Each structure stands twice: as C-alpha cells, then as structure tokens.
1. Working from the pairwise distances between different alpha carbons, so that the mean of 1/r is found and then inverted, what is the chain's Kirkwood radius in Å?
2. I'd like the Karplus ³J(HN,Hα) series for the range 125-132: coefficients 6.51, -1.76, 1.60, θ = phi - 60°, whole numbers in Hz, and an x wherever there's a Gly or Pro.
3. Can you give the convex hull volume per residue for the Cα atoms of the range 1-83, as a whole number of Å³?
4. Extending each Cα 7 Å along its Cβ direction at residue 10 and residue 101, get the distance between those two points in nm, one decimal.
5. Please give the direction-averaged projected area of the C-alpha convex hull for the range 35-83, in square nanometres with one decimal.
6. Which cross-chain or sequence-distant (5 or more) residues have an amide H under 5 Å from the amide H of residue 58, H modelled 1.01 Å from N in plane?
7. What order do you get for 65-75, 6-16 when each peptide is scored by the mean count of other beta carbon atoms within 10 Å, highest first?
8. Please turn the phi angles of the range 22-37 into ³J(HN,Hα) values with the Karplus equation 6.51 cos²θ - 1.76 cosθ + 1.60 (θ = phi - 60°), one per residue in order, whole Hz, x for glycine and proline.
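The values are calculated or read from the model by the stated rules, or taken from the named source; none is laboratory data. Because the structure is a prediction, the values reported are computed rather than measured. Glycine also receives a Cβ, built like all others from the backbone with ideal geometry; neighbour counts cover every protein chain displayed. The protein model used for the area step is the full one, side chains on, heavy atoms only, and it has no ligands, DNA or RNA in it. Shrake-Rupley method; radii C 1.70, N 1.55, O 1.52, S 1.80 Å.
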Amino acid sequence: MQNNDFKFESLPNGWALCFNEKCEMKDACLRFMAGQMAPDDLTTAKCVTPRALKGDECEKFVPEQYETKAWGMSHFFDGVQHEHYSQLRKALYDLLGRRGYFRYNSGERTLGEKQQQQIASIFKRFGYDNPPAFDHYVKVLQLPF
C-alpha cells in the first residue's frame with residue numbers, strides 16, 4: 001500500500017472490509033487496506049469472507065489506484081500570445097465555469113486528469129503544443145464510489 005493519506009473515515013458506511021491475511025492480492029487491495037486501518041473501537045463490520053477467494057483470485061478485490069490532481073493556474077498565460085489570451089480564457093470559463101475556474105485556481109477544488117487533458121486540448125487548438133503547467137500537483141487514492 002502506497003497511500004499514507006488514506007483515511008478510514010472516507011469510506012462509506014457499510015463498505016465491505018477484508019481481513020484475509022492469506023490472500024495473495026491483499027497488498028494491492030483497498031478492502032484489505034481499509035480492514036487494517038479500521039479503528040480500534042470497531043467491533044462489527046460488513047466483511048469479505050474467505051469464500052470470495054477463488055484460487056489466487058478474489059472476486060471482491062478492489063485495486064489501489066491513484067490519480068494526479070492539479071490546481072493553480074497562475075502561469076497558464078505566460079507564453080500565450082496577446083491575441084489568444086481572451087479566447088483561451090473564455091474557453092477555460094466554458095469548460096470549468098467562471099466560478100469553477102477561480103476555485104480550481106485557488107485550490108479550493110482540484111482538477112482530475114481528464115480535466116487536465118481537456119485543458120491541454122484547448123491550448124493545442126490554439127497552437128500551443130506544450131500543455132500549461134499547474135502550480136500544484138498531488139497524487140490521490142481513487143476510491144471506487
């Protein structure tokens with residue numbers, strides 16, 4: 001398990017936990033990670049039973065996956081030609097919403113990889129082959145719900 005920021009409290013109520021130490025997939029499974037991080041006062045929980053393990057495969061396996069989130073756009077327009085500035089800014093407002101643009105810029109919200117690719121496509125449409133660099137990036141665990 002790679003993520004030190006994972007919090008048990010971020011799981012929805014009733015999400016099945018796993019405590020199967022014999023499972024060969026446990027080191028890459030969110031269910032097992034969640035079971036290991038369960039608070040000491042948790043005495044009952046929905047669990048994956050050993051029957052879910054079929055040979056070397058578990059039918060309840062949830063992979064540990066990460067996404068790089070980004071925020072901050074203070075240098076987006078540094079290399080942009082003057083005649084493209086207002087059109088590019090409008091295209092970003094159209095994609096993110098005017099209010100959203102400022103929330104992503106301030107870090108109140110973070111942009112997922114898909115949104116980052118959409119922004120890169122907008123810049124490419126205007127002839128800028130290098131995608132703009134965000135001020136901050138963080139790798140976060142993707143929870144499957």
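1. Numbers: mean 1/r = 0.0552 Å⁻¹.
Mean inverse Cα-Cα distance, inverted, gives 18.1 Å.
2. 4, 8, x, 9, 6, 8, x, x
3. Working: hull volume 14.0 nm³, N = 83.
In the range 1-83, the Cα convex hull volume per residue is 168 Å³.
4. Here the modelled spin labels are 3.0 nm apart.
5. Values: hull surface 33.1 nm².
Average projection, Cα convex hull of the range 35-83: 8.3 nm².
6. none
7. Values: 65-75: 15.2, 6-16: 11.9.
Per-residue mean Cβ counts within 10 Å order the peptides as 65-75, 6-16.
8. Those phi angles translate into 7, 5, 6, 9, 4, 5, 10, 10, 5, 5, 5, 4, 5, x, 6, 9 Hz.
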